[in-house]
Amino acid sequence: MTSEKTRLIVGPFNRVEGDLEVRLEIAGGAVAAAHVNAPLFRGFERILQGRDPMDALVVAPRICGICSVSQSHAAALALAGVMGVAPPRNGVLATNLMTATETVADHLTHVHLFFMPDFARAPYATRAWFPRAEARFKAAQGSAVRGAMAARAGLFHILGLLGGKWPHTLTLQPGGVARAADARDRVRLLAILGGFRRFLEDSLFGAPLERVLDLTSPEDLDRWRAGGPEGDFRLFLEIAEDLGLARLGRAYDRFLSHGAYPDAGEEGAHLYRRGTVAEGRHAPFDPDAVAEHHRFSWMAGRDRAHPPFEGSTVPEMGAPEPAGPEGTQDGYSWCKAPRLAGLPYETGALARQLVDGQPLVAALVARDGGTVMSRVVARLLEIARTVRAMEGWVRALEPAGPWCVQGVLPDSGRAVGLTEAARGALGHWLRVEQGRIAGYQIIAPTTWNFSPRDLDGVPGPLERALVGAPVREGETSPLSVQHIVRSFDPCVVCTVH
């Protein structure tokens, strides 16, 4: 490659939820700049305006068919905040079980269907690990894929028992859950989780979950890679070492989490803590410091930052304005640019585990930053941690206890519902006036991660993470770019509303 800049458009991407296009500036055999475009406008925030507030429980989950329970939870939390109600212990535990089921299933799908199949492609055919990667993860043929999808289908029986259906269950309510579980349901739930645990221990990790969770340092990972149990986790570690995935896809090393799985016994506590980590320092998360920028979005109001309670979703493509940073035209994505205290933040499983202080994840980020490898390792560790927690939540259910409390919607009020979807921080900002929805703004995980540039021309996390990615001569869809994009596990239909 010469040092002269060339332009490359990558997309639409296959094996991602929704439409995605990335425009790359290539120089010296690497990405010099990236512009990420979410080309599909959805309009859900506008659909919700003027409706009865309770309609949010029906409309908002239909933003997405793979993280609808998380959208239900955020909507229920926002409504609970306006009503001033809190669910009983059983309601919290059942909600945790349903949201965790969806998240764990999403993680499993990502690893087996979206991320690992790229390593079963012909350009890697000369690598020593390729025959195993091809046998396990070749698209539509790999043995690991078949086993994972069967295990995923079994896990979803939890949503059948507790939620009635998936996606778009109406069981999650502001005051808890609409369906109680009895003693027989508890036995069934434990059996479902036991079967799923066996799949993880036999196939994905090749070892008990507790042994996986004993990993606390990069050296522990090195020992697992060199002589640990046979399993897809070890295969990934071998691939990551060979391809240098620990040096690929670093963004700003600023991370945020809304906190996942509320503690049923301690108000404000979560299984995975709420907060931020920036340049290695932990801090609380302040939702009042969040604002969305429209400067490079196809939205009206490009001259200012929009706090979500005063936010707007008014499409405005219009004629191109004068060129902005790096020659871009104003407006190149339907995605807005959320910022925390004016800065871009990354979110996802890596952020959740880092904010919570998980030692292995903290050590990986301290050594290498947020990279392709650390994102995938965090996702795999989170599967193990969450499944073990789910077993405890089932045992803590009290069938004879209350499951839901009733609340009354006031004529006016505002609240934010903060939760975590599989891909990271999800927030619903609800404003009620005269008994109707006056404003509804949604900031989803991929809105944070795949945002365009902001008012100051600062790229979003993925745009920054792609800079420096190697591009080989003749590549039209660079493998390094594919790995970085997929390490964030994008859900682009959730990105724009």
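Given Ser477, Ser412, which one is without any contact (Cβ under 8 Å) to a residue 24 or more places away in the chain and touching a strand residue (DSSP E or B) at 6+ places or on another chain (Cβ under 6 Å)?
On the way: Ser477 fails: without any contact (Cβ under 8 Å) to a residue 24 or more places away in the chain.
Only one candidate qualifies: Ser412.
Just wondering, is there one or more residues in region 350-366 that are surrounded by 18 or more Cβ atoms within 10 Å (Cβ to Cβ), among the charged types (D, E, K, R) and part of a loop (DSSP other than H, G, I, E, B)?
Quick first cut of region 350-366, residues surrounded by 18 or more Cβ atoms within 10 Å (Cβ to Cβ) only: 350-356, 358, 360-365.
Applying the additional criterion that residues be among the charged types (D, E, K, R) yields 352, 356.
Next, only the ones that are part of a loop (DSSP other than H, G, I, E, B) stay: 356.
Yes, region 350-366 has at least one match.
For region 22-37, the tally of residues that are touching a Leu at 6+ places or on another chain (Cβ under 6 Å) and either surrounded by fewer than 19 Cβ atoms within 10 Å (Cβ to Cβ) or farther than 25 Å from Glu316 by Cβ (or both) stands at 3.
A count restricted to region 239-281 and to residues that are within 27 Å of Ser70 (Cα to Cα) and either over 21 Å from the mean Cα position of the chain (by Cα) or at pLDDT below 95 (or both) stands at 7. Among the residues in region 109-126, are any closer than 27 Å to Arg395 by Cα, surrounded by fewer than 21 Cβ atoms within 10 Å (Cβ to Cβ) and under 24 Å from the mean Cα position of the chain (by Cα)? Yes, region 109-126 contains a residue that is closer than 27 Å to Arg395 by Cα, surrounded by fewer than 21 Cβ atoms within 10 Å (Cβ to Cβ) and under 24 Å from the mean Cα position of the chain (by Cα).
Which numbered condition trips up Asp489, out of (1) in a loop (DSSP other than H, G, I, E, B); (2) at pLDDT below 95; (3) surrounded by fewer than 24 Cβ atoms within 10 Å (Cβ to Cβ)? Unmet condition: (3). Pairs meeting the criteria (first residue in region 216-228 and at pLDDT below 95, second residue surrounded by 18 or more Cβ atoms within 10 Å (Cβ to Cβ), beta carbons under 6 Å, at least 6 apart or on different chains) are Gly228/Arg234.
Test of understanding: among Ala251, Ala246, which residue is surrounded by 20 or more Cβ atoms within 10 Å (Cβ to Cβ) and not in a helix (DSSP H, G or I)? Quick ask: steps written out before the conclusion?
Values: Ala246 fails: not in a helix (DSSP H, G or I).
It is Ala251.
Every condition in (1) of a type in the set (S, T, N, Q); (2) over 11 Å from the mean Cα position of the chain (by Cα); (3) surrounded by 22 or more Cβ atoms within 10 Å (Cβ to Cβ) is met by Thr476 except one, and the failing one is (3). Conditions: (1) of a type in the set (A, V, I, L, M, F, W, C); (2) more than 22 Å from Leu204 (Cβ to Cβ); (3) in a helix (DSSP H, G or I); (4) in contact with a Pro (Cβ under 9 Å, 6 or more places away or on another chain). Val145 meets all but one. Number of the miss? If we test Val145 against (1) of a type in the set (A, V, I, L, M, F, W, C); (2) more than 22 Å from Leu204 (Cβ to Cβ); (3) in a helix (DSSP H, G or I); (4) in contact with a Pro (Cβ under 9 Å, 6 or more places away or on another chain), just (2) comes out false.
Yes/no matrix, rows are residues, columns are (1) more than 21 Å from Leu113 (Cβ to Cβ); (2) among the aliphatic types (A, V, I, L, M):
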{"site": "Ser203", "(1), (2)": "no, no"}
{"site": "Glu210", "(1), (2)": "yes, no"}
{"site": "Gly227", "(1), (2)": "yes, no"}
{"site": "Gly231", "(1), (2)": "no, no"}
{"site": "Leu245", "(1), (2)": "no, yes"}
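Give me a count of the residues in region 189-204 that are under 17 Å from Ala100 (Cα atoms), out of contact with any Lys or Arg (no Cβ under 8 Å at 6 or more places or on another chain) and surrounded by fewer than 18 Cβ atoms within 10 Å (Cβ to Cβ). Selection size over region 189-204: 3.
Could you please find all residues in region 162-197 being of a type in the set (Lys, Arg) and assigned to a helix (DSSP H, G or I)? Spell out the reasoning first.
Pass one, region 162-197, residues of a type in the set (Lys, Arg): 165, 179, 184, 186, 188, 197.
Answer for region 162-197, where residues must be of a type in the set (Lys, Arg) and assigned to a helix (DSSP H, G or I): Arg184, Arg186, Arg188, Arg197.
Residues in region 291-310 that are out of contact with any Gly (no Cβ under 7 Å at 6 or more places or on another chain), in a loop (DSSP other than H, G, I, E, B) and either modelled with pLDDT under 90 or crowded, with 21+ Cβ neighbours inside 10 Å (or both): Arg295 alone. Within region 79-106, can you find the residues that are hydrophobic (A, V, I, L, M, F, W, C) and closer than 13 Å to Ala260 by Cα? Those that are hydrophobic (A, V, I, L, M, F, W, C) and closer than 13 Å to Ala260 by Cα: Val92, Leu93, Leu97, Met98, Ala100, Val104. Of the residues in region 474-493, at least one is closer than 30 Å to Arg179 by Cα and not hydroxyl-bearing (Ser, Thr, Tyr).
Yes/no matrix, rows are residues, columns are (1) surrounded by 22 or more Cβ atoms within 10 Å (Cβ to Cβ); (2) modelled with pLDDT of 95 or more:
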position: Pro39; (1), (2): no, no
position: Gly50; (1), (2): no, yes
position: Asp55; (1), (2): no, yes
position: Ala74; (1), (2): yes, yes
position: Gly81; (1), (2): no, yes
position: Pro87; (1), (2): yes, yes
position: Thr99; (1), (2): yes, yes
position: Pro131; (1), (2): no, yes
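The values are calculated or read from the model by the stated rules, or taken from the named source; none is laboratory data. Nothing here was measured: the structure is a model prediction, and the numbers come from that model. Every residue, glycine as well, gets a Cβ built from its backbone with ideal geometry; the counts of neighbours run over all protein chains shown.
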